[in-house]
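**Student:** Encoded as structure tokens, here's the structure I'll be asking about.
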Amino acid sequence: MSRIGRMPIAIPAGVTVEIAENNKVTVKGPKGTLERVMVPDMEIKVEGAEVTVTRPNDSKRMKSFHGLTRTLINNMIVGVTNGYEKVLEVNGVGYRAAKQGKKLTLNLGYSHPVEMEDPEGIETVLDGQNKITVKGIDKEKVGQYAAEIRDKRRPEPYKGKGIKYADETIRRKVGKTGKK
């Protein structure tokens, strides 16, 4: 039995979970509403203040979807109550970020500034000129947008210049040495 899949999910106060046909799960909370269609074979039940996920049989496919389904529902519940955020740091001389309305402008040593529009349901907040916080209720979208920002200039291993996650460590390399 899946250790994660069999654990019940507690529904906090102020959150409603509804399951429609084809396992369409809708979670409403103080921060907003999330919808997702889960694997149709999984049995998702709301009992009191708990959500339980059970699998119909022990086939390899069902075993692999059991824990995933439970985790996705749990992430939706955490998202509408607390929300998710990822912090990015811009390192490098002359590298900076600026925000104007919903537009994030990054100066990353290219000949032109890189402009990015905040997607629906995602908000970027600047802390100074080199800390970007990506916030939202959908864990998947927050992670995806943070990864897209990081991709504009990945950290390089010699000087550590570029955009990195706040909790990421960059493996540094030693540069060239002169002749003897």
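The values are calculated or read from the model by the stated rules, or taken from the named source; none is laboratory data. Please read all numbers here as calculations on a predicted model, not as lab measurements. Cβ atoms come from the backbone with ideal geometry, glycine included; neighbour counts cover every protein chain shown. Side chains included, ligands, DNA and RNA excluded: accessible areas come from the protein's heavy atoms. Shrake-Rupley method; radii C 1.70, N 1.55, O 1.52, S 1.80 Å.
**Student:** With a point put 7 Å past each Cα toward its Cβ, work out how far residue 87 is from residue 125 in nm, to one decimal.
**Tutor:** 1.1
**Student:** Still on this structure, please answer the following. With every protein chain present, what is the per residue accessible area of the chain (1.4 Å probe, Å²)?
**Tutor:** 62
**Student:** May I ask you to derive the FRET efficiency for residue 54 and residue 102 from their Cβ-Cβ distance with R0 = 30 Å, giving the value to the nearest 0.05?
**Tutor:** The computed FRET efficiency comes out at 0.10.
**Student:** With each pseudo-label sitting 7 Å past Cα toward Cβ, what's the residue 165-residue 151 distance in nm, one decimal?
**Tutor:** Each label point is offset 7 Å from its Cα along the Cβ direction, giving 1.6 nm.
**Student:** What list of ³J(HN,Hα) values in whole Hz, one per residue of the stretch 125-134 in order, does the Karplus curve 6.51 cos²θ - 1.76 cosθ + 1.60 (θ = phi - 60°) give from phi, with Gly and Pro shown as x?
**Tutor:** 10, 9, 10, x, 9, 10, 10, 10, 10, 9
**Student:** Provide the FRET efficiency to the nearest 0.05 for the residue 133-residue 20 pair, computing r from the beta carbons and using R0 = 41 Å.
**Tutor:** Once the sixth-power term is evaluated, E becomes 0.75.
**Student:** What FRET efficiency comes out for the pair residue 46/residue 110, r = Cβ-Cβ distance, R0 = 41 Å, nearest 0.05?
**Tutor:** Plugging the Cβ-Cβ distance into 1/(1 + (r/R0)^6) gives 0.25.
**Student:** Let me ask another. Which residue, chosen from 26, 59, 170, occupies the Cα position most advanced towards the positive end of the dipole of the chain, where the dipole is computed from +1 (Lys, Arg) and -1 (Asp, Glu) charges on Cβ about the Cα centre?
**Tutor:** Toward the positive end, the furthest listed residue is 170.
**Student:** Take the solvent-accessible surface of the protein heavy atoms, probe 1.4 Å, and return the percent of it on the chain that carbon and sulfur atoms account for.
**Tutor:** The nonpolar share, carbon plus sulfur, comes to 48 percent.
**Student:** So which aspartates and glutamates pass the test for residue 176, namely a Cα distance under 16 Å, with those fewer than 8 places away in the same chain ruled out?
**Tutor:** Within reach: 156.
**Student:** Same structure again: How big is the dipole moment of the chain about its Cα centre under a simple scheme where the beta carbon of each Lys and Arg is +1, that of each Asp and Glu is -1, and everything else is neutral? Debye, nearest 20, please.
**Tutor:** For the chain, the charge dipole is close to 1440 debye.
**Student:** Let me ask something else. Between residue 3 and residue 158, what is the label-to-label distance in nm when each label sits 7 Å out along the Cα-to-Cβ direction?
**Tutor:** Modelled inter-label distance: 4.4 nm.
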